Amino acid sequence: MAKVYFVGCGPGDPELLTVKAKKLIQKADVVVYSGSLIPKEIIKLCKKAELYDAAKLVREEIFEILKNSAQKEKLVVRLHDGDPSIYGAIREQTDNLKKVGIEYEIIPGITSFLASAASLGSELTLPGVTQTIIVTRAESRTKVPKREKISELAKHKATMIFYLSVHLISNIVKEAIKGGYPKSTPVAAVYRASWKDEKIITGTLGDIVKKVRDEKITRTAIIIIGDIVNPKSYEYSRLYDKTFSHGFRKAQVIS
Ligand SMILES: C[S@@+](CC[C@H](N)C(=O)[O-])C[C@H]1O[C@@H](n2cnc3c(N)ncnc32)[C@H](O)[C@@H]1O
């Protein structure tokens, strides 16, 4: 049965590939990959595949390659940076494949905001600070629904993650402050998380714009806003508290 694999290859470091992703990449007959965001070391794992850089192709051309190759019973991989489900434009492809009777499977990958949190050494959901992560982007040529305006989302004062937006960081800061984050709120920008040339810039809503501009970072970065970046205080978790019982452990101390 003809099938296409949408494979997430993680944020960049080849050692962050899943075992499943690596096996598929090595066995693939055809690989369509997301150009600049996938390192050469990962592309080199394609031992025998015909390679196509998706950055140079339009939707219809990509679809034709996926469809024709799958119909010839080839092992076809559409290789995405990070995880395919995050800003990966896969739905338009999977729906069209279904229409012509081709199956698909998605292999998840480590998305770049998780690699960024790891590089920062941070926990994104810190008890006593926030239990919520909002993943979004600033509006540019791609429209963002009005109800998802940054100033509206910022009202929650949760951890906010921005993809595809570092070149718009001054708008993000303005909107975040308008929504209620104090100027002293910690912010991090992580450029090319997990790559050899990774850069981490930390600051506050008050000074991050200048710091990011000074480093000349205009693409391939994740912005994280919220107290979790540099918490003044937080609470210990209930889960590991000695007064807390749960299905796998009784409390050691009765509170
Ligand atoms: C088209 S989106 C694809 C996101 C990808 N599917 C993922 O899960 O990470 C591209 C954006 O992802 C972010 N990005 C991708 N790789 C990154 C990395 N290694 N470090 C920081 N940000 C990255 C940047 O915000 C970039 O503009």
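No value in this document is a laboratory result; all are computed from the given coordinates. Just so it is clear, the structure is predicted and the values come from calculations on it, not from any experiment. Methodologically, a virtual Cβ is constructed for each residue, glycine included, from the backbone with ideal geometry; neighbour enumeration extends over all protein chains shown.
Counting only the Cα atoms, region 112-229 fills a convex hull of 90 Å³ per residue. Annotation: peptides 35-43, 166-174, ranked by per-residue average of other Cβ atoms within 10 Å with the highest first, follow the order 166-174, 35-43. For Ile107, nonlocal amide neighbours, meaning residues 5 or more places apart or on other chains whose placed amide H falls under 5 Å from its own, are Phe6, Val7, Gly8. If I take R0 = 22 Å and measure r between the Cβ atoms of Asn230 and Lys149 in this structure, what FRET efficiency does the formula 1/(1 + (r/R0)^6) give, to the nearest 0.05? E between Asn230 and Lys149, to the nearest 0.05, is 0.30. Around the Cα centre of the chain, unit charges on the Cβ atoms of Lys, Arg, Asp and Glu (plus for the first two, minus for the last two) sum to a dipole of about 200 debye. For region 56-117, the list of trypsin sites (Lys or Arg not before Pro) that fall in a loop by DSSP and count at most 11 other C-beta atoms within 10 angstrom reads Lys72. Whole-Hz Karplus values for region 137-146 come out as 8, 7, 6, 9, 5, 7, 6, 10, x, 3 Hz, taken residue by residue from phi with 6.51 cos²θ - 1.76 cosθ + 1.60 and θ = phi - 60°; glycine and proline positions read x.
Under a 5 Å amide H cut-off, with hydrogens placed 1.01 Å from N, Thr159 pairs with Thr132, Ile134 among residues at least 5 apart or on other chains.
Shape analysis of the chain yields a ratio of the Cα radius of gyration to the Kirkwood radius, Rg/Rh, of 1.04.
Per residue of the chain, the DSSP helices (runs of n ≥ 4 H) give a summed -39500 (n - 2.57) that works out to -7000 deg cm²/dmol at 222 nm. Which residue, chosen from Leu79, Leu164, Ile43, occupies the Cα position most advanced towards the positive end of the dipole of the chain, where the dipole is computed from +1 (Lys, Arg) and -1 (Asp, Glu) charges on Cβ about the Cα centre? Toward the positive end, the furthest listed residue is Leu164.
Extension gain for Arg141 to Glu92 (0.36 nm times residue separation, less C-alpha to C-alpha distance): 15.8 nm. Region 198-255 and region 46-68 have Cα centres lying 39 Å from one another.
Think of the chain as having a plus end and a minus end, set by charges on the Cβ of Lys, Arg, Asp and Glu; of Gly247, Ser151, Thr18, Ser151 sits farthest toward the positive end of this dipole. Spin-label model, Phe244 to Gln71: label points 7 Å out along the Cα-to-beta-carbon direction sit 5.6 nm apart. The string of couplings for region 148-160 from the Karplus curve (6.51, -1.76, 1.60, θ = phi - 60°) is 9, 3, 4, 5, 6, 5, 5, 4, 6, 6, 7, 6, 10 Hz, one whole number per residue in order, with x for Gly and Pro.
Under 11 Å from the Cβ of Ile107, count the other residues' Cβ atoms, weight Lys and Arg +1, Asp and Glu -1, and hand me the total.
+2
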